[in-house]
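Q: Pasting a structure here, questions to come.
The values are calculated or read from the model by the stated rules, or taken from the named source; none is laboratory data. The structure presented is a predicted model; accordingly, all values stated were derived computationally and were not measured. Cβ placement follows ideal geometry from the backbone for every residue including glycine, while neighbour counts extend to all protein chains displayed. SASA here: full protein model, heavy atoms, side chains in, ligands and nucleic acids out. Shrake-Rupley method; radii C 1.70, N 1.55, O 1.52, S 1.80 Å.
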Amino acid sequence: MTIFVGITGGIATGKSTIVKFLQKNGYKVHDSDFVVKKIYSQPNKKLFGVLKKIGLSGSIRNKRINKRLIRDEIFSNKLKKKKLEKFIHKEVRISRNLFIKKNKNKKNKIIFFDIPLLFEAKLTHICHYIILLYTPKKTKIERALKRKNINKETIIKIIKNQIDDKIKKKKSDYIINTSKPKKHSFKMILGVISNILEQNA
């Protein structure tokens, strides 16, 4: 049996760093954020159609997508947000199912799903175990502000639109505090993997 492990966490909690570390160490990881970035950077007719249908035509310029405009719009319009997320989640699900089909039982005792909105999208049922990457709110904001094309107001909106960490902690099997040095996080994730494999030996 292949064990499915979900990795989740809010904005700037080190998900990309952990994913790269796991991949570097030979583990198979489906990266939802990577799929979403690809959807926006290589938009197709389906995405254009959805954006036009829900009133986000203004985000399309010369067959390219202005993601910042979309982000600002959907955080002030819950209906548009819900409709766009429905499309995005479907595309990510298709990609994830192909990943499972390709890697399940191929000598892979354990595979990972990096799903930032794992709880929000109600995807806990697809995971045997859930790892929450946790960072205090202040640290999240400080880290996120170092990114391009994002301001504090947007970061706070993103955090408010996600389920509170207190609830996530109760629903997770393992919690890793990623506000500590990277080496600590890497040591913790390897420890979690060992623990999961021991339980399923």
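Q: Sort out for me the helices (runs of 4 or more DSSP H) sitting completely within region 1-64 that have 3 or more residues that are closer than 28 Å to Ile189 by Cβ and either open to solvent by 20 Å² or more (accessible area, probe 1.4 Å) or charged (D, E, K, R) (or both).
A: Details: elements: 15-24, 32-41, 45-53.
In region 1-64, 15-24, 32-41 are the helices (runs of 4 or more DSSP H) which contain 3 or more residues that are closer than 28 Å to Ile189 by Cβ and either open to solvent by 20 Å² or more (accessible area, probe 1.4 Å) or charged (D, E, K, R) (or both).
Q: Would you mind finding the one in Lys83, Lys52 that is within 20 Å of the chain's Cα centre (by Cα) and among the charged types (D, E, K, R)?
A: Lys83
Q: How many residues are among the charged types (D, E, K, R) and part of a helix (DSSP H, G or I) if we restrict to region 87-114? Please lay out each step first, then the result.
A: So the first thing to find is which residues in region 87-114 are among the charged types (D, E, K, R), and the list is 90-91, 93, 96, 101-102, 104, 106-107, 109, 114.
Now narrow it down to the ones that are part of a helix (DSSP H, G or I): 90-91, 93, 96, 101-102.
The number of residues fulfilling the criteria is 6.
Q: Then there is this: Restrict the check to region 91-99 and report whether at least one residue is buried (at least 17 other Cβ atoms within 10 Å of the Cβ), under 20 Å from Arg147 (Cα atoms) and in contact (Cβ under 8 Å) with a residue 24 or more places away in the chain.
A: No.
Q: Moving on. Across region 74-86, what is the number of residues that are assigned to a helix (DSSP H, G or I), open to solvent by less than 60 Å² (accessible area, probe 1.4 Å) and not basic (Lys, Arg)?
A: Counting residues in region 74-86 that are assigned to a helix (DSSP H, G or I), open to solvent by less than 60 Å² (accessible area, probe 1.4 Å) and not basic (Lys, Arg) gives 3.
Q: Another one. Out of the residues in region 136-188 that are part of a helix (DSSP H, G or I) and in contact with a helix residue (DSSP H, G or I) (Cβ under 6 Å, 6 or more places away or on another chain), state the one that is nearest to Lys122 (Cα to Cα).
A: Taking the candidates together, the pick is Ile155.
Q: Would you mention how many residues in region 34-52 are over 21 Å from Lys104 (Cα atoms) and either among the aliphatic types (A, V, I, L, M) or in contact with a helix residue (DSSP H, G or I) (Cβ under 8 Å, 6 or more places away or on another chain) (or both)? Break it down stepwise before answering.
A: Here is the first cut: in region 34-52, the ones over 21 Å from Lys104 (Cα atoms) are 36-52.
Checking the rest, the ones that are also either among the aliphatic types (A, V, I, L, M) or in contact with a helix residue (DSSP H, G or I) (Cβ under 8 Å, 6 or more places away or on another chain) (or both) come to 36, 39-40, 46-47, 50-51.
Count: 7.
Q: List pairs: first residue in region 140-163 and farther than 22 Å from Lys182 by Cβ, second residue surrounded by 15 or more Cβ atoms within 10 Å (Cβ to Cβ) and among the charged types (D, E, K, R) anywhere in the structure, Cβ distance under 6 angstrom, at least six positions apart or on different chains.
A: Here the result reads Ile163/Glu120, each pair linking region 140-163 to a residue that is surrounded by 15 or more Cβ atoms within 10 Å (Cβ to Cβ) and among the charged types (D, E, K, R).
Q: If you scan region 1-47, which residues turn out to be aromatic (Phe, Trp, Tyr) and closer than 24 Å to Thr154 by Cα?
A: Selection gives Phe34, Tyr40.
Q: What are the pairs, 6+ residues apart or on separate chains, where a residue within region 118-131 that is under 16 Å from Gln162 (Cβ atoms) has its Cβ under 8 Å from a residue that is basic (Lys, Arg) and surrounded by 20 or more Cβ atoms within 10 Å (Cβ to Cβ)?
A: Phe119/Lys168
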